[in-house]
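Q: Sending over a structure as structure tokens; questions will come in a sec.
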Amino acid sequence: MKCKICKSENTRFINANISKCLKCGTLFKNKTVDYDKEYKDYWFDLNDKKFDWYVKDQENWFNYFKDDIKKGTVMEIGGANGLIINQVNDSKIILQELEDIRPNELRNMRIKFMKGKIENVLSNIKSNSIDTFIMCNVIEHLNDVPKLLNRLYSKLKDKGRILISTDDGDNPMGGLMAQLNHTEHTVTLTKNAFNILCKDKFKITKYWNVSDYLIYTVLEKE
Ligand SMILES: [Zn+2]
């Protein structure tokens, strides 16, 4: 089984569904995860009031991101209800979205809304045009994180940034729980995995344990 982040074959099975990379420490699902199926089965009708806690959580995440957002064009990928990017003031804002936004909330937002698969939407974004990408609890759902980071690298201006929050693979309990509890979480990265991903492309300017289970990191284009 090849590591989904560093591509090392030095990996071992944790159980029938999950493996661990012995080179970079990433935990990953043995199969390609069908994002649409697993994700939609697990949650997500954001119009359902039972997800109000999640809506609130999205608003709170902005407090972690706000100081690292550069002036200019901000694009959030997988922004759920848009309540993070809606709080960005002085930038032209674009939102790319996989789930459906709450219609009432969208009406109040001045956001360019692009719906579709990440790879298709990114094809419509010019190279060297984005100052900041935000991905709040998104990359753990992807089958090919290295490919996406390469795409984002080409879309970023010089010194542009990617702001990422995700599960903490360096926390032995938290990392494993993220994989066991979430069939829709494809990869759980460690700091070492980020170092490997960023080599010759990005400088990691922030890497912070937000909680026992989540990290927040800032990658700056070199
Ligand atoms: Zn690896």
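Q: Among what's in the stretch 1-29 and is within 12 Å of the ligand (Cβ to nearest atom) and among the β-branched types (Val, Ile, Thr), pick the residue that is farthest from the chain's Cα centre (by Cα).
A: Pass one, the stretch 1-29, residues within 12 Å of the ligand (Cβ to nearest atom): 1-12, 19-28.
Subset that is among the β-branched types (Val, Ile, Thr): 5, 11, 26.
Details: Ile5: 14, Thr11: 24, Thr26: 15 Å.
Among them, the one singled out is Thr11.
Q: If you go through the stretch 148-203, how many residues are under 15 Å from Cys24 (Cα atoms) and of a type in the set (S, T, N, Q)?
A: Residues that pass the stated criteria total 5.
Q: Same structure again: Name the single residue that is modelled with the lowest pLDDT among those in the stretch 30-40 being away from the ligand (no atom under 16 Å from the Cβ) and either loosely packed, with under 13 Cβ neighbours inside 10 Å or outside any helix (DSSP H, G or I) (or both). First the steps, then the outcome.
A: Of the residues in the stretch 30-40, the ones away from the ligand (no atom under 16 Å from the Cβ) are 31-40.
Right, trim to either loosely packed, with under 13 Cβ neighbours inside 10 Å or outside any helix (DSSP H, G or I) (or both) and you get 31-34, 36-37.
On the way: Lys31: 93, Thr32: 91, Val33: 87, Asp34: 84, Asp36: 72, Lys37: 75.
Only one residue fits best here, namely Asp36.
Q: Could you list all residues from the stretch 125-180 that are in a loop (DSSP other than H, G, I, E, B) and polar (S, T, N, Q)? Walk me through how you get there before you give the answer.
A: Of all residues in the stretch 125-180, those in a loop (DSSP other than H, G, I, E, B) come to 125-129, 137-138, 142-144, 168-171.
Ser127, Asn128, Ser129, Asn137, Asn143, Asn171 - these are the residues of the stretch 125-180 that are in a loop (DSSP other than H, G, I, E, B) and polar (S, T, N, Q).
Q: Which condition number in (1) at pLDDT 85 or above; (2) in contact with a Lys or Arg (Cβ under 6 Å, 6 or more places away or on another chain); (3) more than 26 Å from Tyr207 (Cβ to Cβ); (4) of a type outside the set (Ser, Thr, Tyr) is the one that Glu97 fails?
A: The single condition Glu97 does not satisfy is (1).
The values are calculated or read from the model by the stated rules, or taken from the named source; none is laboratory data. Bear in mind the structure is a predicted one, so any value in this text is a computation, not a measurement. Heads up, the Cβs are rebuilt from the backbone with ideal geometry, glycines too, and the neighbour counts pull from every protein chain shown.
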